[in-house]
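S.K.: Please find one structure pasted underneath; my questions will follow.
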Amino acid sequence: MSGFDVLTRGDVLDSALQARDYLVSCGVPGALAAKDPRLWGRRAVDHSRLGWLDLPFASRGLLGQVNGLVSEARYSGLDHIVLIGVGAESLAAQAVMEANTPALAGAGGAPERPSGELTVLDGGDTAALAFAMERLDRTLVVLASKAGVSLEGDAYRRIFAAAFRERGLSEREIASRFLVITDHGSPLHDFARQCGYRIGLTDPYLPGHYGALSAYGLVPAVLAGADADRLLEEAASLVPSLSKDEDNPGLLLGAVLGGCAQQGPGGLARDKVLLREPGGPGALSAWITQLLAVGTGKRGRGVLAFEPPGGRGDFPDVHGVSINPRSAAQDESDTSVWAPLGAQFLLWEYATAVAGWLLGVNPFEAGSTVVQEAEDDAATLLRTAGGGPLTAERPVYVEDDIEVHADFPWPPGAELQTVLGGLVASVPSEGYLTVLTYLSGDFSGRYLAPSLARASGRPVAYGPGPGYPHATGPLHKDGPGNGAFLIITGDPAPGDALAAHPVPGRPYSLAQLQIARALGELRALRERRLPVIRLHLRNPVEGAGRLTEAVRAVAGARRP
């Protein structure tokens, strides 16, 4: 696919056209193309924070440097790339790899894998870590972060360094197996220098959620064999359209997002987006979700994106957006967006900037501290526990090895179905429910989302922790404040030695780190007086099945 287009219809079209006309009358397309920071106030945005508009061209020089590193890595037999990053840093690279893998073909036309392989570790599933540990002899570790080393980054770095050491590598050889991508002058920059790691520096003024076409999104994918030249060409082909008043797909998409998110004549804001991809939810949808959450989730406003399993139902405040649908005639969404991946990145970044302008929020301002607060709280819990229990909080109720942790009195005779029914009943009429899973294994909030949507009559977002709350935290905590939350934790599955094994040089295991992260998120939500309960599965395999049955029972009981 080389072209790009945005098509919208129905009620959304009316809102979008009104918003687009207003944007044009205010001179937004020209000012944004000129990178005029005064769009968001005289001193609100530094000119350099709009540098993402230049990345389709500026990143070409980066590829020349990376190609040399790729050749060196392949010569050393390193073709398995482990990317350690939480949130935007990993989602863009994953999307690039997903787009590249099916597109490559051998001489006979049969699909062929890229010349490398990418494994992402974001602090969630130990299965991905186990997969990577089986490929240590051909592994290069990429640690990506705009700030310092996260709790997960520190743990994984220590685990890999110890594993390389056990294989007989010298300290110098171990250092050569690490590449750090970070901002110039960041705490991680200083740390990497002290360790002797390879370092790739980026622009400290570039907003992290706008870095898909920077080193954060490109370098790990290129090392794993992706075609970044084509990606940048796709993005560059969109640039001339972004300065136009007419035939500007970024402007129209931004008008759709921002126009719908404003209150309509009936007082209802359509500030929720249901994202559809032909092959099902992928990394691109996850990347768009974090971009919208971080870019617009401020000052009690924001646009929250969902995936189809959590959007079962007719919700008046939700509008659908299909990404590269196979047929416009058969597309059920209000809006369809066609573009190759490079153009999709730039298109959504531009649209988020436009939507933010319409909503009266600055999409480029320094990120909220809500995400860091939860991580700092988790670090404090781990440090205080010193290897012992992380919390003295006792469950208010236990049913079939499922602990219920809630901060309200437990009524006599209640059961698990009761607390789940109470949670779905607490979702505001214009709100949503979010399922956060801090578990290893295949169980996901995706299995609960359809039943919870039916039970609550509201859309359901879901994702694994800490990656999902890291990517969308600003929207949940600084946005409209109309979410309810179900946090699911669990003991390590039987035989999961990696989860139970202590992190080298730390008094805790990956399983304890995961629980600490969940508790930090729980406390942050409680501080904002948002409805939240935590369910802990003492037996994660059997508990997941029982929980699924209980959620279905709640949906059946509440179905009209």
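S.K.: Restrict the check to region 381-395 and report whether at least one residue is within 23 Å of the chain's Cα centre (by Cα) and not in a loop (DSSP other than H, G, I, E, B).
M.R.: No, because not a single residue in region 381-395 is within 23 Å of the chain's Cα centre (by Cα) and not in a loop (DSSP other than H, G, I, E, B).
S.K.: Of these, Ile488, Ile533, which one is within 26 Å of Gly297 (Cα to Cα), surrounded by fewer than 23 Cβ atoms within 10 Å (Cβ to Cβ) and either of a type in the set (Asp, Glu) or assigned by TED's automatic domain parsing to the domain that holds Asp376 (or both)? Steps first, please.
M.R.: Working: Ile488 fails: surrounded by fewer than 23 Cβ atoms within 10 Å (Cβ to Cβ).
Every option except Ile533 fails the conditions.
S.K.: Please return the ranges of helices (runs of 4 or more DSSP H) entirely within region 86-198 where 1 or more residues are modelled with pLDDT under 90 and hydrophobic (A, V, I, L, M, F, W, C). It would help to see each step written out before you state the result.
M.R.: Working: elements: 88-100, 126-133, 151-166, 171-176, 187-195.
Answer list for region 86-198: 88-100, 126-133, 187-195.
S.K.: Go through region 256-289 residue by residue and tally those that are assigned to a helix (DSSP H, G or I), under 18 Å from Val96 (Cα atoms) and touching a Ser or Thr at 6+ places or on another chain (Cβ under 9 Å).
M.R.: The initial filter retains those residues of region 256-289 that are assigned to a helix (DSSP H, G or I), namely 256-261, 283-289.
Next, only the ones that are under 18 Å from Val96 (Cα atoms) stay: 283-289.
Then drop every residue that is not touching a Ser or Thr at 6+ places or on another chain (Cβ under 9 Å), which leaves 283, 288-289.
Total meeting the criteria: 3.
S.K.: Do you know which residues across region 239-248 are surrounded by fewer than 23 Cβ atoms within 10 Å (Cβ to Cβ) and closer than 24 Å to Ala58 by Cα?
M.R.: Filtering region 239-248 down to residues surrounded by fewer than 23 Cβ atoms within 10 Å (Cβ to Cβ) leaves 239-247.
Of everything in region 239-248, those that are surrounded by fewer than 23 Cβ atoms within 10 Å (Cβ to Cβ) and closer than 24 Å to Ala58 by Cα turn out to be Val239, Pro240, Ser241, Leu242, Ser243, Lys244.
S.K.: For Leu498, only one of the following conditions fails: (1) part of a loop (DSSP other than H, G, I, E, B); (2) under 29 Å from Phe160 (Cα atoms); (3) in contact (Cβ under 8 Å) with a residue 24 or more places away in the chain. What is its number?
M.R.: Of the numbered conditions (1) part of a loop (DSSP other than H, G, I, E, B); (2) under 29 Å from Phe160 (Cα atoms); (3) in contact (Cβ under 8 Å) with a residue 24 or more places away in the chain, the odd one out for Leu498 is (1).
S.K.: Same structure again: Of the residues in region 3-58, how many are among the polar types (S, T, N, Q), in a helix (DSSP H, G or I) and modelled with pLDDT of 90 or more?
M.R.: First pass over region 3-58, keeping only residues among the polar types (S, T, N, Q): 8, 15, 18, 25, 48.
Remaining after also requiring in a helix (DSSP H, G or I): 15, 18, 25, 48.
Imposing the further condition that a residue be modelled with pLDDT of 90 or more reduces the set to 18, 25.
Count: 2.
S.K.: Here is a check on your reading of the model: is Ala283 in contact with a Gly (Cβ under 7 Å, 6 or more places away or on another chain) and under 28 Å from Ser145 (Cα atoms)? Don't jump to the end; show me each part of the working.
M.R.: On the way: in contact with a Gly (Cβ under 7 Å, 6 or more places away or on another chain): no; under 28 Å from Ser145 (Cα atoms): yes.
No; evaluated as a whole, the condition is false for this residue.
S.K.: Can you tell which of Glu332, Glu349, Glu375 is of a type in the set (Asp, Glu), more than 29 Å from Ala228 (Cβ to Cβ) and out of contact with any Ser or Thr (no Cβ under 7 Å at 6 or more places or on another chain)?
M.R.: Details: Glu349 fails: more than 29 Å from Ala228 (Cβ to Cβ); Glu375 fails: out of contact with any Ser or Thr (no Cβ under 7 Å at 6 or more places or on another chain).
That would be Glu332, the only listed residue that is of a type in the set (Asp, Glu), more than 29 Å from Ala228 (Cβ to Cβ) and out of contact with any Ser or Thr (no Cβ under 7 Å at 6 or more places or on another chain).
S.K.: Also: Identify, please: which residue in region 199-227 is in contact with a strand residue (DSSP E or B) (Cβ under 8 Å, 6 or more places away or on another chain) and either of a type in the set (Val, Ile, Thr) or not assigned by TED's automatic domain parsing to the domain that holds Met133 (or both) and is, among those, modelled with the highest pLDDT?
M.R.: Val219
S.K.: Turning to a different aspect of this structure: Residues of region 12-29 being touching a residue at least 12 places away in the same chain (Cβ under 8 Å) and exposed (fewer than 14 other Cβ atoms within 10 Å of the Cβ), which ones?
M.R.: Passing the criteria: only Gln18.
S.K.: In region 199-210, which residue that is over 19 Å from Gly123 (Cβ atoms) and outside any loop (DSSP other than H, G, I, E, B) is nearest to the chain's Cα centre (by Cα)? Break it down stepwise before answering.
M.R.: Restricting attention to region 199-210, the residues satisfying the condition of being over 19 Å from Gly123 (Cβ atoms) are 199-207, 210.
Narrowing further to those that are outside any loop (DSSP other than H, G, I, E, B): 199-202, 210.
On the way: Ile199: 24, Gly200: 22, Leu201: 22, Thr202: 20, Tyr210: 13 Å.
Among those residues, the one meeting the criterion is Tyr210.
S.K.: Take region 410-437 and flag every residue that is crowded, with 19+ Cβ neighbours inside 10 Å and outside any loop (DSSP other than H, G, I, E, B).
M.R.: Leu416, Val419, Leu420, Gly421, Leu423, Val424, Tyr432, Leu433, Thr434, Val435, Leu436, Thr437
S.K.: Among the listed residues Ala378, Ala343, Ala355, which satisfies the condition of being in the same structural domain as Arg528 (by TED's automatic domain parsing) and in a helix (DSSP H, G or I)?
M.R.: Details: Ala343 fails: in the same structural domain as Arg528 (by TED's automatic domain parsing); Ala355 fails: in the same structural domain as Arg528 (by TED's automatic domain parsing).
Just a single option satisfies the conditions, and that option is Ala378.
S.K.: Right, something else. Name every residue in region 290-312 that is in a loop (DSSP other than H, G, I, E, B) and either under 23 Å from Ala92 (Cα atoms) or hydrophobic (A, V, I, L, M, F, W, C) (or both), in order of residue number.
M.R.: Of all residues in region 290-312, those in a loop (DSSP other than H, G, I, E, B) come to 297, 299-300, 302-303, 307, 311-312.
The answer is Gly297, Gly302, Val303, Glu307.
S.K.: Return yes when Ile199 is hydrophobic (A, V, I, L, M, F, W, C) and surrounded by fewer than 21 Cβ atoms within 10 Å (Cβ to Cβ) and no when it is not. Before the answer, list the steps.
M.R.: Numbers: hydrophobic (A, V, I, L, M, F, W, C): yes; surrounded by fewer than 21 Cβ atoms within 10 Å (Cβ to Cβ): yes.
In short, yes.
S.K.: Okay, moving on. Consider Gly473 carefully, then state whether it is under 24 Å from the mean Cα position of the chain (by Cα), surrounded by fewer than 24 Cβ atoms within 10 Å (Cβ to Cβ), at pLDDT below 95 and among the small types (Gly, Ala, Ser). Explain how you work it out, then say what you get.
M.R.: Details: under 24 Å from the mean Cα position of the chain (by Cα): yes; surrounded by fewer than 24 Cβ atoms within 10 Å (Cβ to Cβ): no; at pLDDT below 95: yes; among the small types (Gly, Ala, Ser): yes.
For Gly473, the condition - under 24 Å from the mean Cα position of the chain (by Cα), surrounded by fewer than 24 Cβ atoms within 10 Å (Cβ to Cβ), at pLDDT below 95 and among the small types (Gly, Ala, Ser) - is not met.
S.K.: Also, I was wondering about something else. What number of residues within region 453-469 satisfy the criterion of being assigned to a helix (DSSP H, G or I) and within 12 Å of the chain's Cα centre (by Cα)? Steps first, answer last, please.
M.R.: Narrowing region 453-469 to residues assigned to a helix (DSSP H, G or I): 453-456, 467-469.
Right, trim to within 12 Å of the chain's Cα centre (by Cα) and you get 467-469.
Qualifying residue count, region 453-469: 3.
S.K.: Considering (1) assigned to a helix (DSSP H, G or I); (2) at pLDDT 90 or above; (3) farther than 22 Å from Gly211 by Cβ, say which one Gly77 fails and leave the rest.
M.R.: The one condition Gly77 does not meet is (1).
S.K.: Name the residues in region 222-233 that are in contact with a Pro (Cβ under 9 Å, 6 or more places away or on another chain) and crowded, with 24+ Cβ neighbours inside 10 Å, would you? Before you say what the answer is, go through the steps one by one.
M.R.: Within region 222-233, the subset in contact with a Pro (Cβ under 9 Å, 6 or more places away or on another chain) is 224-227, 230-233.
Matches in region 222-233: Ala224, Ala226, Leu231.
S.K.: Going by the structure shown, is His209 closer than 30 Å to Arg49 by Cβ, touching a residue at least 12 places away in the same chain (Cβ under 8 Å) and buried (at least 24 other Cβ atoms within 10 Å of the Cβ)? Walk me through it before giving the result.
M.R.: Working: closer than 30 Å to Arg49 by Cβ: yes; touching a residue at least 12 places away in the same chain (Cβ under 8 Å): yes; buried (at least 24 other Cβ atoms within 10 Å of the Cβ): yes.
Yes; evaluated as a whole, the condition is true for this residue.
S.K.: When you look at Asp407, is it under 26 Å from Gly467 (Cα atoms) and either in the same structural domain as Gly300 (by TED's automatic domain parsing) or surrounded by fewer than 16 Cβ atoms within 10 Å (Cβ to Cβ) (or both), yes or no?
M.R.: Yes, satisfied.
S.K.: Do we find a residue being of a type in the set (Lys, Arg), surrounded by fewer than 21 Cβ atoms within 10 Å (Cβ to Cβ) and at pLDDT below 95 anywhere in region 316-328?
M.R.: Pass one, region 316-328, residues of a type in the set (Lys, Arg): 326.
From what's left, surrounded by fewer than 21 Cβ atoms within 10 Å (Cβ to Cβ): 326.
Subset that is at pLDDT below 95: 326.
Checked against the condition, which is being of a type in the set (Lys, Arg), surrounded by fewer than 21 Cβ atoms within 10 Å (Cβ to Cβ) and at pLDDT below 95, region 316-328 yields at least one hit.
S.K.: State whether one or more residues within region 211-223 are over 21 Å from the mean Cα position of the chain (by Cα), assigned to a helix (DSSP H, G or I) and closer than 20 Å to Ala283 by Cβ. It would help to see each step written out before you state the result.
M.R.: If we filter region 211-223 for residues that are over 21 Å from the mean Cα position of the chain (by Cα), which is where we start, we get 223.
So of that shortlist, the ones also assigned to a helix (DSSP H, G or I) come out as 223.
Imposing the further condition that a residue be closer than 20 Å to Ala283 by Cβ reduces the set to 223.
Yes, region 211-223 has at least one match.
The values are calculated or read from the model by the stated rules, or taken from the named source; none is laboratory data. Values in this document were obtained by computation on a predicted structure and should not be read as measured data. When we count neighbours, we look across all protein chains shown, and the Cβ atoms used for this are built from the backbone with ideal geometry, even at glycine.
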